[in-house]
Amino acid sequence: MKPSPSNAGTPDDRATVEASSGQALMESAQAWARRAERSADGSLQAWLHCASDAYRALAADERTSADAAALATRAAAEVLSRVLHQHPDAWSPGRVRIGEVRFHVELRDVSPDLRPPLRIRRAQDVSMDAFDGERHSRPGFGVPVAVLPLRWDAEPLHRLAPRSGVFRNLTAWIEPDASQPDAAPRLVFADPLKLDALSIGAHRFPLARDTSAGYAWGMEVSKLERLGLWGLIGGRQIGQRAGLYLLEDYDPGKRPLVMIHGLGSNPLIWSRLSNAVWGADDLRARFQIWQVVYQTDAPLLVARLRLQDYLDAAWRELDPKGERKARAGTVLIGHSMGGVVSRLLCAHSGDALWNAAFLVPPASLRASAEDLALIQRIFSFHPYPGVSRAVFLAAPHRGSPSAATLPGRVTRDLVGRRAVEVHALRRIALANPEAIRPELRAVFEQGWINSITTLQAEQPVRRAAEALLPAPGIAYNTIAGVQPGRRMKSDGVVPLESALIPGAESSLVVESGHRVHEHPLAVAEVLRILRGAGAH
């Protein structure tokens with residue numbers, strides 16, 4: 001019975017009306033669900049009606065809101081299962097018609113880098129093999145989905161967006177049109193990290209989310225893994241992708257976590273660590289993940305200079321005035337050669353490296369201004385501004401004997417010598433042979449200097465670089481692997497004594513091969529370090 005006009009406005013009566021309305025809407029939604037379960041051809045339309053009525057019930061009565069939210073989420077999952085099966089690609093905002101079913105697609109609080117048309121998969125349908133089965137998710141309202149752009153070769157909105165494609169983890173649900181009851185419902189896709197909860201009436205519903213699926217799906221289709229080794233032996237494609245990339249929208253208040261891969265490798269090696277950071281609420285709130293792609297055939301000091309330039313280019317675009325909080329507190333994480341590069345980004349070179357290669361000061365060399373300026377930048381540097389910590393994993397700080405073995409020599413001879421920096425050094429050596437240290441003269445004149453040669457334990461410049469530790473104020477940690485049964489303690493590539501250096505805030509040794517960055521204990525150790533990094 002409806003309340004009489006004289007008392008319809010009292011709180012108790014309004015609650016009675018809302019409860020009655022909420023119950024009626026829930027009964028209608030449940031009826032649509034039963035019809036959908038019995039139906040074959042009409043199940044999509046029935047699930048849309050179910051989701052719409054359940055959504056309306058969310059605002060009507062607090063006593064039915066939990067059941068309504070669960071039913072609305074289930075119905076949205078059923079809708080997505082059907083529409084994504086029939087229409088997996090080319091999703092864009094606007095009107096969609098599948099058979100006789102009509103609805104509108106809305107992208108809400110979504111990254112501007114995620115440009116339609118889009119490919120969409122339910123998160124639960126994405127394999128977690130890349131993360132060894134580890135999925136990070138949170139239950140709640142809506143259906144987590146993974147989203148990738150349809151065209152991976154499209155130009156990104158800016159040069160810091162990954163060339164291989166932006167990925168995001170969104171949450172989807174069905175909303176009826178409140179202004180037009182008979183209008184087509186909306187299929188909403190929203191970023192649950194920006195829109196943490198949905199407010200409906202007086203109620204607040206935390207959104208479900210999955211922080212793993214987008215990256216896992218992106219790894220399935222990325223070309224980076226096969227390009228990494230090819231880039232080591234001279235392939236051009238990895239060089240065309242070289243640079244620093246943001247794996248999430250830039251946040252001026254979060255500290256950059258810059259991940260640097262090693263020799264012949266690529267940023268995909270950081271998948272398990274990235275997944276773990278995104279899956280930890282406290283770390284995700286403090287850090288943003290940046291990854292570097294670089295051509296690893298370049299000599300060690302050239303690689304350091306290029307990474308410095310990549311960081312400079314990123315800050316020019318993100319914070320040209322240098323005012324943002326993110327500028328301070330950068331953490332570098334490097335594996336193998338990437339660990340050595342990270343250490344050199346934290347160090348003062350002084351004259352040590354120049355004197356290890358040259359017998360005269362720069363002003364005494366016969367060279368063009370461009371060549372001389374470039375060579376000075378390679379051999380003389382300061383700690384990169386804003387870096388407060390570094391973590392080195394399986395890094396050959398004292399060189400690697402494998403670079404001098406037969407396989408190492410073969411690889412060394414295959415590695416390309418196209419680096420413009422090497423050509424500049426060669427021109428200077430040919431014009432000033434008396435200025436080059438005798439043990440390096442032939443190497444410089446012939447241009448036989450690359451990433452392999454500069455990791456050899458006895459290489460003079462590498463020996464000088466070994467003494468360059470992070471500057472005061474920059475904390476650092478080491479993680480190393482040791483394979484059991486070896487006569488010399490080593491991860492199979494880097495000796496333990498080369499991976500551990502003095503002054504580290506902590507040093508962890510795990511039973512592992514050279515891919516120590518994937519070891520669960522190493523990942524847990526990096527998370528521990530990051531949680532304690534607030535004081536630096």
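What follows is calculated from the coordinates using simple rules that are stated; it is not laboratory data. Only a predicted model underlies this, so the values are computations on that prediction, with no experimental measurement involved. With ideal geometry, Cβ positions are generated from the backbone for all residues, glycine too; neighbour counts draw on all protein chains shown.
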So for R0 = 22 Å, FRET eff. of ARG437-ASP312 from the Cβ-Cβ r, to 0.05, ends up at 0.15
By the mean-Cβ-within-10 Å protection proxy, highest first, 466-474, 48-56, 66-74 rank as 48-56, 66-74, 466-474
So the FRET efficiency between MET488 and ASP177, C-beta based with R0 = 51 Å and rounded to 0.05, is 0.15
The simple spin-label model distance between ASP319 and SER364, using points 7 Å out along Cα→Cβ, in nm, is 4.2
Each label sits 7 Å from Cα toward the beta-carbon; between ALA471 and ARG34 the label points are separated, in nm, by 7.4
Listing PHE381, PHE392 by rising number of other beta-carbon atoms within 10 angstrom, fewest first, gives PHE381, PHE392
With a Förster distance of 35 angstrom and the Cβ-Cβ distance between ARG204 and MET128, calculated FRET efficiency to the nearest 0.05 equals 0.70
By the C-alpha gyration tensor axes a ≥ b ≥ c (rounded if a/c is under 1.5, else prolate when a/b exceeds b/c, else oblate), the shape of region 18-83 is prolate
Taking a straight Cα-to-Cα line shorter than 19 Å from LYS489, and setting aside same-chain aspartates and glutamates fewer than 8 residues away, one finds GLU497, GLU511
